[in-house]
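Encoded as structure tokens, the structure appears first; notes follow it.
The values are calculated or read from the model by the stated rules, or taken from the named source; none is laboratory data. If you're wondering where the values come from, they're calculated on a predicted model, not measured in any experiment. Backbone-built Cβ (ideal geometry, glycine too); neighbour counts: all protein chains shown. Just the protein is used for accessible areas: all its heavy atoms, side chains included, with ligands, DNA and RNA removed. Shrake-Rupley method; radii C 1.70, N 1.55, O 1.52, S 1.80 Å.
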Amino acid sequence: MSVKESLFGEIVTVKNHVESESKDVTSKLMEDQDKTYLFEDLNGGKAAGNIFSTREKIAKALNIEKDGIVNHLLDAISNPQPYEVVDKPAFRDCSIDVDLMKLPIPKYFPEDGGRYITSGVIVTDYNGKKNVSFHRMMIMDSNHIAVRLVPRHLFTIFNMAKENKEELRISICVGAKAEVLLAAATSMDFGADELNVASAMHIKGHGTPLKVGRCDNGILVPADTDYVLEGRITFQETKEGPFVDITGTYDFERQQPVIEIDRIWTCKDPVFHLLLPGGYEHFMLMGLPREPMILKTVRQAVPRVKNVRLTEGGCCWLNGIVSIKKNKEGDGVNAIMAAFTGHPSMKSVIIVDDDIDIFNDREVEWAVATRMQADRIIRIPGAAGSSLDPSSHGKTTWKVGYDATIPMDADRTLFTKIRL
């Protein structure tokens, strides 16, 4: 069972009963986001949060080293692998009554539009067009959910079905493996199956392909998932939001489609995955899958790229760091431009030499302080940026890049930090 198998690091168990609209869930998860919190009785069910709140936990789940996450993801995106269909998937162990109000789903913040499924991955397959992606989902009543559809792949597939006067069959997975969650947040070609990317990661990390099972609606979903909700995206719309997004600020209310749930499956003794909005786990699962794209584009401009990181201080979305080994002067500037191409939502990037540990914020700041002057700052006005950035100028933003690499003609001994 995937959630229990993914409880790494220090685990804090909350044994007392917690109501779904109580502040206790959020206050506990925010208490120490490096720790995993297991709620034994949240609205009558088990739930856990901060499961993948650090790179160390994600690396442990993937069975790889922490500094290998970006290349692990990039290899899987570049070389997707088939999954294995099983007859008796774990998620079909139990069929429970369709009553969303009885599930361990919390209301995270007082001004939220309602109780939210935040770790839910929606899987669909319409006329051969497949998609696996994250979407926030607000509980409306016992069998209806308001879903936020940004104008990307699921939105496009839904509109294809709508044009044919068909509701879109979907399955919502809660409590999936780390490989599935990371694959669901990657940018794939339209119609590509993200579960093949998850399978490639699972093969490389664990030696076996990802196992999937078939729902009653015909959709294949990860077999080792704690909750699977089968349903349809209907033609009905309703108000969704407000909701706290990755920057920790509120996203506004808007009209969104309604999902109707037809049946709910669970594994034995399921644990509902709680993803704290605007928290570290939100950063990890949304931001990490963007790092391989940055690595890929920078590598096309500068051959020797050591690693890439979207920083937690920048919500793993807006600020980045790239370490390179220069071949010629100007590689730092080229790396800046290429990094913005790889992740257009990023608005600030620092390029450092390969002797700098990009996971150590003090080392990165030291490189900026000792290896560059302000004339090596690249400022780019009027660029398209992230809609999640509250400081943006409407539809555009200023982007800034810092070339904190040692000049090629410099005496490197003057810039090298003494280490034992």
Between a first residue in segment 94-118 that is more than 19 Å from residue 248 (Cβ to Cβ) and a second residue that is exposed (fewer than 15 other Cβ atoms within 10 Å of the Cβ), which pairs have beta carbons less than 6 Å apart while being 6 or more apart in sequence or on different chains? 99/142; 100/142; 101/142
From the list 67, 93, 87, which one is within 28 Å of residue 201 (Cβ to Cβ) and either β-branched (Val, Ile, Thr) or within 20 Å of the chain's Cα centre (by Cα) (or both)? 67
Taking segment 245-264 and keeping residues modelled with pLDDT under 95, not basic (Lys, Arg) and not in a loop (DSSP other than H, G, I, E, B) leaves 250, 251
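Residue-wise test of (1) in contact (Cβ under 8 Å) with a residue 12 or more places away in the chain; (2) among the basic types (Lys, Arg); (3) under 27 Å from residue 244 (Cβ atoms).
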position	(1), (2), (3)
22	yes, no, yes
27	no, no, yes
38	yes, no, yes
41	yes, no, yes
47	yes, no, yes
63	yes, no, no
67	yes, no, no
71	yes, no, no
79	yes, no, no
Please enumerate the residues belonging to segment 1-32 that are open to solvent by 30 Å² or more (accessible area, probe 1.4 Å), in a loop (DSSP other than H, G, I, E, B) and in contact with a strand residue (DSSP E or B) (Cβ under 9 Å, 6 or more places away or on another chain). 1, 7, 8, 9, 10, 15, 16, 17, 19, 32
Quick one: is residue 419 surrounded by 16 or more Cβ atoms within 10 Å (Cβ to Cβ) and out of contact with any Gly (no Cβ under 7 Å at 6 or more places or on another chain)? no
Do you know which residues across segment 352-371 are hydrophobic (A, V, I, L, M, F, W, C) and either open to solvent by 20 Å² or more (accessible area, probe 1.4 Å) or within 19 Å of residue 385 (Cβ to Cβ) (or both)? 359, 366, 368, 369
Looking at segment 76-101, which of its residues are acidic (Asp, Glu), in a loop (DSSP other than H, G, I, E, B) and open to solvent by less than 80 Å² (accessible area, probe 1.4 Å)? 93, 99
Given the criteria open to solvent by 40 Å² or more (accessible area, probe 1.4 Å) and small (Gly, Ala, Ser), does residue 207 qualify? yes
State the number of residues belonging to segment 246-264 that are open to solvent by 20 Å² or more (accessible area, probe 1.4 Å), more than 30 Å from residue 310 (Cβ to Cβ) and touching a Gly at 6+ places or on another chain (Cβ under 9 Å). 3
For segment 265-276, give me the residue count where each residue is under 21 Å from residue 62 (Cα atoms) and part of a strand (DSSP E or B). 4
Restricting attention to segment 137-146, which residues are under 17 Å from residue 274 (Cα atoms) and surrounded by fewer than 23 Cβ atoms within 10 Å (Cβ to Cβ)? 139
Residues being open to solvent by 40 Å² or more (accessible area, probe 1.4 Å), in contact with a helix residue (DSSP H, G or I) (Cβ under 9 Å, 6 or more places away or on another chain) and within 21 Å of residue 226 (Cβ to Cβ) - total across segment 265-300: 2
Which residue out of 116, 126 is buried (at least 23 other Cβ atoms within 10 Å of the Cβ) and either at pLDDT below 95 or of a type in the set (Phe, Trp, Tyr) (or both)? 116
For segment 147-189, which residues satisfy the criterion of being surrounded by 19 or more Cβ atoms within 10 Å (Cβ to Cβ) and at positive phi? 175
Go through segment 222-263 and give me each residue that's of a type in the set (D, E, K, R) and out of contact with any helix residue (DSSP H, G or I) (no Cβ under 7 Å at 6 or more places or on another chain). 230, 232, 237, 239, 240, 245, 251, 253, 254, 260, 262, 263
Please tell me if residue 67 is at pLDDT below 95 and surrounded by fewer than 22 Cβ atoms within 10 Å (Cβ to Cβ). yes
Based on what the data block shows, is residue 121 hydrophobic (A, V, I, L, M, F, W, C) and either under 18 Å from residue 98 (Cα atoms) or touching a strand residue (DSSP E or B) at 6+ places or on another chain (Cβ under 7 Å) (or both)? yes
Given the condition open to solvent by less than 30 Å² (accessible area, probe 1.4 Å), aromatic (Phe, Trp, Tyr) and at pLDDT 95 or above, answer yes or no: does some residue in segment 330-340 qualify? yes
